[in-house]
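Read through the structure below, which is laid out as structure tokens, and then see the notes.
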Amino acid sequence: MIAPSLLAANFLELGKEVEMVNRSEADWFHLDVMDGRFVPNISYGLPVIAQIKKVARKPCDVHLMIEEPEKYAAEFKKAGADILTVHAEACIHLHRNIQQIKSLGMKAGVALNPHTPVVVLENVIRDVDVVLVMSVNPGFGGQTFIEQTYQKIRQVRQLIKDNKATALIEVDGGISTENAGQLVQAGANVLVAGSSIFASADPEKTIATLKRGAQ
Ligand code: DX5
Ligand code: ZN
């Protein structure tokens with residue numbers, strides 16, 4: 001599956017960008033929320049997501065790069081999140097936060113920074129719907145893909161198998177038509193792509209190419 005990240009979209013033409021994704025072969029909208037504390041950048045938040053939700057015809061996959069995400073989970077549900085992903089590094093009570101997200105009626109995702117070992121998921125893997133493997137340090141679009149990610153995806157795949165779990169593996173950062181195929185081969189189910197889609201001459205076509213490359 002392909003999840004275009006709107007972080008790289010033209011915000012002055014957001015409606016048109018959302019329509020392009022609606023028309024395209026993409027599967028989810030990937031929406032990046034940054035608080036300037038968990039990550040050294042600030043993006044957009046609840047009101048923007050609520051507007052996108054009004055016109056989006058595909059699930060909204062909200063990636064929270066914020067501290068204390070449990071304080072805002074209910075608000076993101078109201079704004080229209082279908083999948084809500086929190087960072088393991090931002091959660092003291094990760095198990096509780098996963099249950100909270102699910103009890104609010106959303107799919108629960110857990111993201112891991114590049115340095116975070118897969119073992120932190122061992123006791124929650126059966127509870128999560130999505131494992132988001134960061135293939136760059138979160139905070140910015142357009143960064144270089146970290147090669148170690150392939151091994152990490154294989155480790156998550158093994159963990160899922162060992163626990164007879166059903167979580168999807170999503171990968172985020174530095175993904176293009178160049179590495180999409182290899183990522184899927186390593187075990188990825190969902191590829192997030194920002195700049196490689198929105199900075200391309202024909203974003204809709206790039207999504208189609210990514211989708212084919214990922215098969
Ligand atoms: C990075 C975000 C990503 C970002 C990816 O912190 O989580 O979703 O938009 O952008 P690209 O695809 O340009 O690396
Ligand atoms: Zn993201």
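The values are calculated or read from the model by the stated rules, or taken from the named source; none is laboratory data. Predicted, not measured: the structure shown is a model, and the values here were computed from it. Cβ coordinates were reconstructed from backbone atoms using ideal geometry, including for glycine residues, and neighbour counts include every protein chain displayed.
Miscellaneous remarks
- Filtering segment 54-67 to residues that are in contact with a Phe, Trp or Tyr (Cβ under 9 Å, 6 or more places away or on another chain) and more than 15 Å from ligand 2 (Cβ to nearest atom) leaves Ala56, Lys58, Glu67.
- Among the residues of segment 195-215, just one is small (Gly, Ala, Ser), away from ligand 1 (no atom under 15 Å from the Cβ) and either outside any helix (DSSP H, G or I) or within 16 Å of Glu170 (Cα to Cα) (or both), namely Ala201.
- Hey, Gln143 exposed (fewer than 15 other Cβ atoms within 10 Å of the Cβ) and under 28 Å from Leu210 (Cα atoms) or not: no
- Residue pairs whose Cβ atoms lie under 8 Å apart, sitting 6 or more positions apart in sequence or on different chains, and linking a residue in segment 167-193 that is within 29 Å of Asn123 (Cα to Cα) and among the charged types (D, E, K, R) to a partner that is at pLDDT 95 or above and part of a loop (DSSP other than H, G, I, E, B), are Glu170/Ala188; Glu170/Asn189; Asp172/Ser135; Asp172/Val136; Asp172/Pro138.
- Among the residues making up segment 27-70, those that are in contact with a Lys or Arg (Cβ under 7 Å, 6 or more places away or on another chain) and more than 15 Å from Val86 (Cα to Cα) are Asp27, Trp28, Phe29.
- Flag not set for Leu94, criterion: away from ligand 1 (no atom under 16 Å from the Cβ), without any contact (Cβ under 8 Å) to a residue 40 or more places away in the chain and surrounded by fewer than 18 Cβ atoms within 10 Å (Cβ to Cβ).
- Yes/no for Gly187 being within 16 Å of ligand 2 (Cβ to nearest atom), more than 14 Å from the chain's Cα centre (by Cα) and of a type outside the set (A, V, I, L, M): no
- The set of residues in segment 44-67 being away from ligand 1 (no atom under 15 Å from the Cβ) and either among the aliphatic types (A, V, I, L, M) or in contact with a Cys (Cβ under 9 Å, 6 or more places away or on another chain) (or both) consists of Leu46, Ala50, Lys53, Val55, Ala56.
- In segment 163-194, of all residues being part of a helix (DSSP H, G or I) and surrounded by fewer than 18 Cβ atoms within 10 Å (Cβ to Cβ), the one that is farthest from ligand 1 (Cβ to nearest atom) corresponds to Gln185.
- Check on Gly36, over 30 Å from Ala208 (Cβ atoms), more than 14 Å from ligand 2 (Cβ to nearest atom) and surrounded by fewer than 21 Cβ atoms within 10 Å (Cβ to Cβ): yes
- Within segment 32-44, residues that are farther than 18 Å from Val192 by Cβ reach no partner that is modelled with pLDDT under 95 and within 14 Å of ligand 2 (Cβ to nearest atom) with beta carbons closer than 7 Å at six or more positions or on different chains.
- Of all residues making up segment 138-162, the number that are free of Cβ contacts under 8 Å to residues at least 40 places away in the same chain and assigned to a loop (DSSP other than H, G, I, E, B): 6
- Meets criteria (touching a Lys or Arg at 6+ places or on another chain (Cβ under 9 Å) and at pLDDT 95 or above) for Ser24: yes
- Odd one out for Arg126, checked against (1) more than 16 Å from ligand 1 (Cβ to nearest atom); (2) surrounded by 19 or more Cβ atoms within 10 Å (Cβ to Cβ); (3) in a loop (DSSP other than H, G, I, E, B): (2)
- Residue list for segment 110-123, filter: surrounded by fewer than 21 Cβ atoms within 10 Å (Cβ to Cβ), touching a Leu at 6+ places or on another chain (Cβ under 8 Å) and not in a helix (DSSP H, G or I): Leu112, Glu122
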